[in-house]
Amino acid sequence: MERGEGVEEAAPADAPELPPQGVVQRRLRRWAGAWRRWSLWALLVLLVASMLVTLVWLAGRYEASQVQARLERDTADAVVDIRNAFAHNLQNLQALQAGDPDLASWEARAAELLATRRELVRIEWRDAQLQLRAHAESPYRPQHWDPSKRSSLHSEAALACTNAQRINGPSYSSSYFQPLPDGAGAEMMEVCLPQIQDRRVRGFVVATYALQTVLQDLVAPGLQRTQEVSFTEADGTRLALIGAMRRGSRMFTAQQLFDLPGNTLVLRMDGWHAAPSVFPNVLTALVTAMSIALVTVLVVLVRDNRRRLRAERDLGDALAFRKTMEDSLLTGLRARDLSGRITYVNPAFCDMVGYAAEELVGQALPPYWPPEHAHEYAERQSVRMAGRLDPPREGYETIFMRKDGTRFPVMIYEAPLINAHGLHTGWMGSFLDVSEQRRVEELSRASHERLQATARLATVGEMASLLSHELNQPLAAISSYATGSLNLLECPAGCAQPAPQDLADVRVAVQRIAAQAERAGRVIKSVHDFVRRRDQSREPVTAQDLFDAVLPLIRLQANKVGVRVLLDIRPGLPRVLCDTTMVEQVLLNLARNAMQAMDSPDIHPRILELRVRRAACNAAKGWLEFSVADMGVGIAPEVAERLFTPFYTTRAEGMGLGLSLCRTVVEQHGGFLGHAARTPRGTVFTFTLPAFQETEL
């Protein structure tokens, strides 16, 4: 039965029909013609825009080229100014030697030259062997000259003089950095002028240029506010720089080679300018205005063309909408008019019911209604069409029939179909085949029942494993005490009865057997409560009492493997509130693992340390810290990652439950169990237990 099925009844004869195939083809051809017209308009607009952009770009390029040309002329002029100044300085340096002056008069002439030429900071008179005879320094910038470096044969001045003697003329050295007394420094350059008499070199005049001052005195007066100039090496390394801060959004650069005998510098000039204006000249502005007018005409024509193509666009939208619904949705869709007749179904709906679209469109009584429920579905459809029943917004479930006769459940979501004018023209419904969902729910229910049964079996297996693991120790102790008692009861030949001391030892062993048997019973009960997750009975007990209960078993195993046991319990510790039996098992397991870690012939000494103290991090909360330390080989990193995983063990005879049980017991008490490496070797396991507060009584 279709519970809550949407409005479905016989359709009137005047219902709208789909357009024939020929009409659709004519409409598609008109749309293709409109597309061609739009393409021509778009091409015209593109050409006009390209012309406008090209003109503006060319004007900007022209303006940038003019700026670059001016900058290159300024750079060339600056190089000429510097070259002329250097030539004039060479003439002045040659004039220093006129008239064969003595040292005092020479220094006076040199000081006068330095006072007038600020770019020179030092002038030296050297003999043919490059030994200093006289010198003068600039009064504007005091320098700290190292005589040992300047007299070296490998100094810049010596190399320049060597080259000057070779070329028989002035020679310049490469630049070098000279520290200043104020902690700064400057780039210097030497020029060596040989003194030739009778074709023989009689001495040298060495002058030192400050490159920064050269730029300041010879180039800076002609700089503009948006320019900066610098000396650079061939690889672009800046040696000296002057000029204004950056002004503008675009930088232009010009470089001129400043070739000197013995050295080559590059004069670089950078200029910042605002980006070229959008309309740098009248021609570009005129073309732009005409282009804007043409574009305006095009816009008017396009607006008229849009009115004529509106009908074709509406048809394209309708076709795109229908195609999108048909191709992209996996949910079944069905549209009906107000009379209940089917007007549209998508391919997903056709696949769902097994009928073609031609078999369903126009039907008021659809064939996918099961015959046994068709009458009830028709009555429900009449009620809904009359407006007395609205479809539930959360959807409803019903039964449909495929073409092959099979029934399947579907979930229906239906909503009113409103056109562009806000009128209610029908109903749109979406359909989901929920048969697979129902089958999955049934499988999930059966799987859940099987998991519950498996969980109960796992609990039984966990209990059996824990019992077999934890009972090994008390049963081993009972076996050891029983064997010892039998050995004491055996009398040597000729003995009537055992010695009194032996009988006393047998009595103690029997008492120990009884205690271990009682302990085994407590272990069984504790493990049973632990597996069933019951609240274990906890009682206050001292740390000494906990160790007294397990020390006989620990010492028994320690004697077998040659381990010395050390017990360190800090005095004045409070009692701990715990399940005594389970905590004793934790201590036994950790001690046994520690002794097994030292069961190797290469480990000496073998010491097991048991300690109890207040927990440092939880002292205010009242916790005690128990530690079990060994001197074994330690724990590998790959083993440490799975150390507390149940059933993981590194020993062939182990079960892998000891440490997992220990951590669970400690965490049930609210504590923490961890391990760390011990120095110089070994491992220490530490766990915490809550201290008993007297206010809890």
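The values are calculated or read from the model by the stated rules, or taken from the named source; none is laboratory data. What you are looking at is a predicted structure, and each value in this text was computed from that prediction instead of being measured. All Cβ positions, glycine included, derive from the backbone under ideal geometry; neighbour counts span all protein chains shown.
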Those residues that are free of Cβ contacts under 8 Å to residues at least 24 places away in the same chain and of a type in the set (D, E, K, R), I need them from the stretch 309-327; list them, please.
Arg310, Arg313, Asp314, Asp317, Arg322, Lys323, Glu326, Asp327
Any residue that is more than 46 Å from the chain's Cα centre (by Cα), surrounded by 19 or more Cβ atoms within 10 Å (Cβ to Cβ) and modelled with pLDDT of 75 or more - is there at least one of those in the stretch 310-333?
no
Which residues, counting only those in the stretch 308-349, are among the β-branched types (Val, Ile, Thr) and in contact with a helix residue (DSSP H, G or I) (Cβ under 7 Å, 6 or more places away or on another chain)?
Thr331, Ile342, Val345
Residue in the stretch 300-336 that is farthest from Ile418 (Cα to Cα), counting only those that are aliphatic (A, V, I, L, M) and not in a helix (DSSP H, G or I)
Leu330
Only one of these conditions is not met by Pro605: (1) buried (at least 16 other Cβ atoms within 10 Å of the Cβ); (2) at pLDDT 85 or above; (3) not in a strand (DSSP E or B). Which number is it?
(1)
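Results for (1) closer than 25 Å to Met582 by Cβ; (2) loosely packed, with under 13 Cβ neighbours inside 10 Å; (3) modelled with pLDDT under 85, shown as yes or no for each residue.
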{"position": "Ala620", "(1), (2), (3)": "no, yes, yes"}
{"position": "Glu625", "(1), (2), (3)": "yes, no, no"}
{"position": "Met631", "(1), (2), (3)": "no, no, no"}
{"position": "Ile635", "(1), (2), (3)": "yes, no, no"}
{"position": "Thr649", "(1), (2), (3)": "yes, no, yes"}
{"position": "Arg663", "(1), (2), (3)": "yes, no, no"}
Would you pick out the residues in the stretch 185-215 that are free of Cβ contacts under 8 Å to residues at least 12 places away in the same chain and of a type in the set (S, T, N, Q)?
Gln197
Take the conditions over 30 Å from Asp317 (Cβ atoms), modelled with pLDDT of 80 or more, of a type in the set (Val, Ile, Thr) and not assigned by TED's automatic domain parsing to the domain that holds Met352 and apply them to Val460. Does it pass?
no
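For the stretch 348-370, name all the residues that are of a type outside the set (A, V, I, L, M, F, W, C), at negative phi and surrounded by fewer than 16 Cβ atoms within 10 Å (Cβ to Cβ). If you could, list the steps in order and put the result at the bottom.
Start the filter on the stretch 348-370 by keeping residues that are of a type outside the set (A, V, I, L, M, F, W, C), which leaves 351, 354-355, 358-359, 362-363, 366-368, 370.
Now drop any that are not at negative phi, which leaves 351, 355, 358-359, 363, 366-368, 370.
Hits for the stretch 348-370 are Asp351, Glu358, Pro367.
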Of the residues that sit in the stretch 559-602 and are under 28 Å from Glu667 (Cβ atoms) and β-branched (Val, Ile, Thr), which one is surrounded by the fewest Cβ atoms within 10 Å (Cβ to Cβ)?
Ile569
Buried (at least 20 other Cβ atoms within 10 Å of the Cβ), among the small types (Gly, Ala, Ser) and over 52 Å from the mean Cα position of the chain (by Cα): which single residue out of Gly222, Gly243, Gly262 fits that description?
Gly262
If you check every pair at least six apart or on different chains, which have Cβ atoms under 9 Å apart with a residue in the stretch 572-595 that is outside any helix (DSSP H, G or I) first and a residue that is of a type in the set (Lys, Arg) second?
Leu573/Arg613; Leu573/Arg614; Pro574/Arg614; Leu577/Arg538; Cys578/Arg538; Asp579/Arg538
Scanning the stretch 628-653 residue by residue, those under 20 Å from Leu587 (Cα atoms) and outside any loop (DSSP other than H, G, I, E, B) turn out to be Val628, Ala629, Ala640
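The rows are residues; the columns are (1) at negative phi; (2) at pLDDT below 85; (3) not aliphatic (A, V, I, L, M).
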{"position": "Glu397", "(1), (2), (3)": "yes, yes, yes"}
{"position": "Met401", "(1), (2), (3)": "yes, no, no"}
{"position": "Thr406", "(1), (2), (3)": "yes, no, yes"}
{"position": "Val410", "(1), (2), (3)": "yes, no, no"}
{"position": "Ala415", "(1), (2), (3)": "yes, yes, no"}
{"position": "Asn419", "(1), (2), (3)": "yes, yes, yes"}
{"position": "Gly422", "(1), (2), (3)": "no, yes, yes"}
{"position": "Met428", "(1), (2), (3)": "yes, yes, no"}
{"position": "Phe431", "(1), (2), (3)": "yes, no, yes"}
Among the residues of the stretch 208-225, is there at least one that is more than 24 Å from Ala87 (Cα to Cα) and assigned by TED's automatic domain parsing to the domain that holds Val266?
yes
Please give the strands (runs of 3 or more DSSP E) falling wholly within the stretch 87-200 in which 2 or more residues are closer than 24 Å to Leu239 by Cα.
120-127, 176-179, 185-197
The lone exception for Phe204 - which of (1) under 60 Å from the mean Cα position of the chain (by Cα); (2) of a type in the set (Phe, Trp, Tyr); (3) crowded, with 18+ Cβ neighbours inside 10 Å it fails:
(1)
From the list Arg166, Arg199, Arg133, which residue is among the basic types (Lys, Arg), at pLDDT below 85 and surrounded by fewer than 21 Cβ atoms within 10 Å (Cβ to Cβ)?
Arg199
Over the stretch 252-267, the set of residues hydroxyl-bearing (Ser, Thr, Tyr) and farther than 16 Å from Val214 by Cβ is Thr253
